[in-house]
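Q: This is the structure I want to talk about, given as structure tokens.
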Amino acid sequence: MVRFTVLASGSKGNCTIVTGGRTRILVDAGLSCREMFRRMREVGEDPATLDAIIVTHEHQDHINGLAVTARKLGIPVYFTEGTHRAWMRWLTPRRQMTYAQWVEQCRTQAAERQAELDAVETVGEVDEPDADCAEDSVELAAVETSVEGEIAAKKIPSRKEDPTWLPSVEYFQSGQPFAIGDIGVSPFTIPHDAADPVGFVFQAEGIRMGFATDLGYMPPNVKAQLKGVDLLLLESNHDLEMLRDGPYPWQVKQRVLSRVGHLSNEAAADYLENSYDGQAVYVILAHLSESNNLPELARVTAERALIGRASLLANRLLLASQNEALVPILF
Ligand SMILES: [Zn+2]
Ligand SMILES: [Zn+2]
């Protein structure tokens, strides 16, 4: 069975579960681990059965609960190398370190990672699936308080103290399809102000699911990737007028509006009207801004675009929400 469940979508946290065959992937981990697990249980998903986490980009609303969740479940995290590095920079307080100390730190971490893998294989160490995510507050506190400059740098952090430690890291590259268990993953580059941001097409049991949020506009490569999808999750971030007249400072407005910002209702509608092939059974509007958009505005703008094309009337239009999970979509 193929199942697609948006747990949260918006600037306060994004995460979605894609299930196909015997594999379950968490796409982004932008809520706290505790909140993600709560929403999963609410929609009948067991957190303990997740196989991997895959990350679109390093912005906070996509990675907030990443480390805690991956550690809790002992599952690998899939990144592009650029995103992984940017994520590590974000988590690691600036400190002065000599090159020799840095090399030593890398060696220690590699050895610890290997030791951890060996331990999992021999002992079969798995966290209690129902244990809550008590690590959450401890982890964040550790990151915030360890700004001790040189002193911190001289001490090579152990696995427990290292906020960037993950049970396992897998790299993928944009434009190079690969598989996680029974799910095929085609990552593609999106225009957004992050290190190496990507969208995805997931494929399982012959069903294709397109995933494109956090993009300033719809470039030809993204349009090409989204052809022939059975489910389309598309950003509909802001209403242009609401953004222009809204509360954001000028620089932030410029950033959102830029070619590496976010997709407006109008831009999403333009794509749906003029480029979209209409193959999807479900179109989900996502990453709606709470300050510069209204769900009804996003819906009406997209509906108008779809209604213009009689062949698209069979498309079901859904809105992903920040505050609650969307009903799971089954194929
Ligand atoms: Zn985002
Ligand atoms: Zn972003």
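Q: Got a number for residues in the stretch 224-239 being more than 18 Å from ASP61 (Cβ to Cβ) and surrounded by 16 or more Cβ atoms within 10 Å (Cβ to Cβ)?
A: The total comes to 7.
Q: Okay, moving on. Kindly provide the set of residues from the stretch 211-245 that are assigned to a strand (DSSP E or B) and of a type in the set (Asp, Glu), ordered by number.
A: GLU235
Q: Any idea which of (1) away from ligand 1 (no atom under 16 Å from the Cβ); (2) within 17 Å of LYS12 (Cα to Cα) is the one LEU272 doesn't satisfy?
A: (2)
Q: Out of the residues in the stretch 192-215 that are of a type in the set (D, E, K, R) and away from ligand 1 (no atom under 11 Å from the Cβ), which is nearest to ASN237 (Cα to Cα)?
A: Restricting to residues being of a type in the set (D, E, K, R) and away from ligand 1 (no atom under 11 Å from the Cβ), the top hit is ASP196.
Q: Right, something else. When the residues of the stretch 265-289 are filtered to those that are out of contact with any Asp or Glu (no Cβ under 8 Å at 6 or more places or on another chain), in a loop (DSSP other than H, G, I, E, B) and in contact (Cβ under 8 Å) with a residue 60 or more places away in the chain, which remaining residue is farthest from ASP230 (Cα to Cα)?
A: The residue in question is SER289.
Q: Looking at the structure I just gave you, is THR69 away from ligand 1 (no atom under 16 Å from the Cβ) and within 21 Å of ASN323 (Cα to Cα)?
A: yes
Q: Return only the number of the condition from (1) farther than 14 Å from ASN323 by Cβ; (2) crowded, with 24+ Cβ neighbours inside 10 Å that GLN60 does not satisfy.
A: (2)
Q: Of the residues in the stretch 176-190, how many are buried (at least 19 other Cβ atoms within 10 Å of the Cβ) and outside any strand (DSSP E or B)?
A: The number of residues fulfilling the criteria is 1.
Q: Among (1) in contact with a Phe, Trp or Tyr (Cβ under 7 Å, 6 or more places away or on another chain); (2) farther than 21 Å from THR301 by Cα, which single condition is LEU233 missing?
A: (2)
Q: I'd like the residue in the stretch 280-300 that is buried (at least 22 other Cβ atoms within 10 Å of the Cβ) and not small (Gly, Ala, Ser) and, out of all such residues, is nearest to GLY13 (Cα to Cα).
A: The selected residue is HIS287.
Q: If you take the residues in the stretch 191-223 that are more than 16 Å from ligand 2 (Cβ to nearest atom) and of a type in the set (Val, Ile, Thr), which one is surrounded by the fewest Cβ atoms within 10 Å (Cβ to Cβ)?
A: ILE207
Here, each number is a calculation from the coordinates, and none is a lab measurement. Being a predicted model, the structure only gives us computed values, none of them experimental. Here Cβ is always computed from backbone atoms with ideal geometry, including for glycine, and neighbour counts include all displayed protein chains.
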